[in-house]
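J.: Structure incoming, see below.
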Amino acid sequence: MATAAHAEGRWTALALICLGVVGVLTTWFSATAIVPELTESWSLSPGAAAWLTNSVQLGFVVGAISSSFVNLPDIVRMNRLMAVASLAAAAANLVLLAEPGTAAAIGARFATGVALAGVYPPALKLMATWFVKGRGLALGFLIGALTLGSAMPHLFRALTAGIEWKSVVLSSTLATLLGAAIFAFAVREGPFPFGRAVFNPRQALSVFSSRPLLLANLGYFGHMWELYAMWVWLLAFARAAEAGLASFPFGSASMLSFIVVASGAVGCLLGGWLSDRIGRCLTTAGMMAVSGSSALLIGFAFGGPGWLLALIAIVWGISVVGDSAQFSAVVTELADQSFVGTALALQLGIGFGLTVIAIWAIPFFVAAIGGWQWAFLLLVPGPVVGVLSMLRLRAHPEARGMAGGLR
């Protein structure tokens with residue numbers, strides 16, 4: 001039975017949603033985790049290798065914005081939409097097994113991103129129908145699930161070292177099918193539904209004309225400039241560092257990448273716990289201050305010792321995504337309640353659009369500076385902008401509408 005702030009069965013619902021998200025999100029980096037093998041097997045150029053990931057980002061942007069225009073979450077039940085989208089992601093992922101050629105593979109990855117836009121944004125909204133009080137922590141669990149799912153292909157690759165790269169694709173596809181089954185048969189909408197979210201271009205402008213929402217989104221955009229570029233290029237950075245170290249932390253670049261990205265799940269829970277106690281603005285600003293510092297410092301540990309490289313990388317992995325859920329929480333709290341779905345989709349769409357630029361730019365920056373050691377300096381401006389934006393938001397009167405009055 002639902003009360004003013006609680007719903008019976010909310011933690012079970014959250015656990016099932018998170019388990020499904022972990023499974024389906026393994027398709028996001030299923031190609032990224034095997035880029036070295038694909039580069040050799042398919043004779044990929046550095047640009048083509050980057051687009052195997054960037055096409056997923058672009059597909060997600062197109063899918064997120066398009067779903068807002070046609071208002072899919074209001075036409076189709078959210079769990080059904082997520083189940084169908086999961087099946088589409090699995091099918092697109094399987095295309096890689098056919099070794100279809102570079103152009104077709106990039107197209108399949110684009111389709112994967114479009115499909116994932118039918119899972120991630122609806123999952124955020126679906127979770128919020130179960131939680132009013134404690135929404136920050138619940139969102140932290142959900143983004144932690146996304147983080148763990150994104151990291152899993154690196155674990156698949158580390159555990160199948162010496163086995164053909166297709167094992168990673170197969171493993172991620174099976175995990176996605178499990179997620180589809182969970183969404184289809186085990187989850188439903190909670191007792192705290194949002195109002196109808198209709199995409200209206202004039203109304204959508206409030207994301208930019210409302211100063212609190214604009215500041216929150218600027219914080220998110222700075223966060224996104226850093227996040228996915230770090231996740232995508234960490235493996236390449238680690239492989240370059242591995243060549244110069246006699247003893248590499250955790251045994252391989254793939255295992256280090258898994259541990260670092262997966263550690264973000266801890267950061268998401270920490271961020272959710274903190275934001276419900278000290279406020280969204282302080283939590284996000286603090287996380288970005290730590291992550292930006294890590295992006296700056298990790299170059300100093302490129303040549304070792306290995307333990308220092310691992311320590312900075314793990315701290316970065318925890319902090320770089322620990323604030324992510326809270327930007328979505330801010331939108332659910334500050335946006336017009338009949339506009340939450342579209343506001344979230346726009347925030348995600350623009351944010352992921354920025355990731356395309358950051359991911360694309362890193363290889364060119366590496367070429368310009370002559371190596372991977374200082375590659376992540378390019379990401380530092382993102383968290384700097386994010387920190388300043390969230391501190392400005394904290395001083396705004398409407399910030400009292402977040403986290404039960406905490407800022």
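The values are calculated or read from the model by the stated rules, or taken from the named source; none is laboratory data. Only a predicted model underlies this, so the values are computations on that prediction, with no experimental measurement involved. Methodologically, a virtual Cβ is constructed for each residue, glycine included, from the backbone with ideal geometry; neighbour enumeration extends over all protein chains shown. With ligands, DNA and RNA removed, areas are computed over all heavy atoms of the protein, side chains included. Shrake-Rupley method; radii C 1.70, N 1.55, O 1.52, S 1.80 Å.
J.: Relative to a virtual label point 7 Å from the Cα of residue 377 in the Cα→beta-carbon direction, which members of region 288-320 show backbone nitrogen distances below 17 Å?
T.: 292-303
J.: Let me ask something else. Going by accessible area, probe 1.4 Å, with all protein chains left in place, what is the ranking of 350, 362, largest first?
T.: 350, 362
J.: Across region 316-331, in residue order, what do the Karplus-derived ³J(HN,Hα) couplings come to in whole Hz, using 6.51 cos²θ - 1.76 cosθ + 1.60 with θ = phi - 60° and x for Gly and Pro?
T.: Karplus-based 3J(HN,Hα) across region 316-331 equals 5, x, 5, 7, 5, 10, x, 9, 4, 4, 6, 5, 5, 4, 4, 4 Hz.
J.: Run the accessible area of region 119-171 with a 1.4 Å probe and give the carbon-and-sulfur part as a rounded percent.
T.: Percent of accessible area from carbon and sulfur atoms in region 119-171: 70.
J.: For Cα pairs less than 8 Å apart in space and 6+ apart in sequence, what is the mean separation divided by the residue count of the chain, i.e. the relative contact order in percent?
T.: 24 percent
J.: Any idea of the accessible area per residue across region 31-172, 1.4 Å probe, to the nearest Å²?
T.: 33 Å²
J.: Ranking request for peptides 180-193, 101-114: highest mean number of other beta-carbon atoms within 10 Å first, then the rest in descending order.
T.: The most tightly packed comes first, giving 101-114, 180-193.
J.: Given the C-alpha atoms of the chain, compute the convex hull and give its volume per residue in Å³.
T.: 121 Å³
J.: Something else about it: For a label point 7 angstrom out from the Cα of residue 247 toward its Cβ, which stretches of region 273-317 have the backbone nitrogen within less than 14 Å?
T.: The answer is 304-310.
J.: Would you kindly derive the ³J(HN,Hα) couplings of region 170-175 from the backbone phi angles with the Karplus curve 6.51 cos²θ - 1.76 cosθ + 1.60 (θ = phi - 60°), listing them in order in whole Hz, with x for Gly and Pro?
T.: Ordered by residue, 3J(HN,Hα) equals 5, 5, 5, 5, 4, 4 Hz.
J.: How much length would be gained if the chain were fully extended between residue 400 and residue 41, taking 0.36 nm per residue of separation minus their Cα-Cα distance, in nm to one decimal?
T.: Length gained, residue 400 through residue 41: 123.8 nm.
J.: Considering only protein heavy atoms and a 1.4 Å probe, what is the carbon-and-sulfur percentage of the accessible area of region 221-349?
T.: 72 percent
J.: In Å, the Kirkwood hydrodynamic radius of region 89-156 over pairs of distinct alpha carbons?
T.: When all Cα pairs of region 89-156 are included, the Kirkwood radius is 13.8 Å.
J.: Convert each backbone phi in region 179-188 into a coupling constant with the Karplus relation 6.51 cos²θ - 1.76 cosθ + 1.60 (shift: θ = phi - 60°), then list the ³J(HN,Hα) values in order as whole Hz, x for Gly and Pro.
T.: Residue by residue, region 179-188 yields x, 4, 5, 4, 5, 6, 10, 10, 10, 8 Hz.
J.: Additional query: So how much slack lies between residue 11 and residue 166, counting 0.36 nm per residue of separation and subtracting their Cα-Cα distance, in nm?
T.: Between residue 11 and residue 166, full extension yields an extra 52.2 nm.
J.: Can you tell me the length gained on complete extension of the stretch residue 384 to residue 369, counting 0.36 nm per residue apart and subtracting the Cα distance?
T.: Length difference between fully extended and current span is 3.2 nm.
J.: So, one more: Which order, highest average first, do 296-306, 32-42, 364-374 follow once you tally other Cβ atoms within 10 Å for each residue and take the mean per peptide?
T.: Answer by packing, highest mean first, reads 32-42, 296-306, 364-374.
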